[in-house]
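Down below is the structure, laid out as structure tokens.
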Amino acid sequence: MDKLEYVFFDQAPMRHFMDFLRGEGLAPEQEDDDGLLKVLLPEDIDDALAERIESEYDAMMEMNREIYEAGGDADEVGYHAAGITVQLEGGVNVYAQVDPRLLARIMEVLTPEEFNTVVNAIVEAIEHPDTRSLCQRMRDGD
């Protein structure tokens, strides 16, 4: 049976991807091919699941890029920076610069979706400030 191949260059995004696949009820295989980390899946996956897998893989490729840029030699990649895309209320996208080492550490423990949830909560708090304490908000039912 033919297999779908997903290639990674770093362990962290590959582990996140494998965890995602297991959470979807799949049993991914792992292969190391001369430093290229591969995740293998059977080709007979339904369309809806295939779309979710592709979306997750795209997010993991972004994480791969961020880790590469964070860990790469500044002369090799042309710069040594990392950032987070933040979407503001009006639909405007801005970039928040983050220390690449810090971002790499965050992405080792959070999925892109989890980190996005944190970032969106911060954006919401900035765009719609609520000076009440968290306890007060809970009492008020917010």
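The values are calculated or read from the model by the stated rules, or taken from the named source; none is laboratory data. Note that the structure is predicted; figures quoted are calculated from it, not measured. Positions of Cβ are generated from backbone atoms using ideal geometry, with glycine treated the same way; all protein chains shown enter the neighbour counts.
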Query - Conditions (1) farther than 18 Å from Asn64 by Cβ; (2) loosely packed, with under 11 Cβ neighbours inside 10 Å; number of the one not met by Tyr95 - result: (2)
Report task. Go over the candidates Glu43, Glu89 one by one and state the one that is touching an Asp or Glu at 6+ places or on another chain (Cβ under 8 Å), at pLDDT below 90, exposed (fewer than 11 other Cβ atoms within 10 Å of the Cβ) and closer than 24 Å to Leu4 by Cβ. Result -> Glu43
Report task. Can you confirm whether the range 22-35 contains a residue that is surrounded by 15 or more Cβ atoms within 10 Å (Cβ to Cβ) and at pLDDT below 90? Result -> no
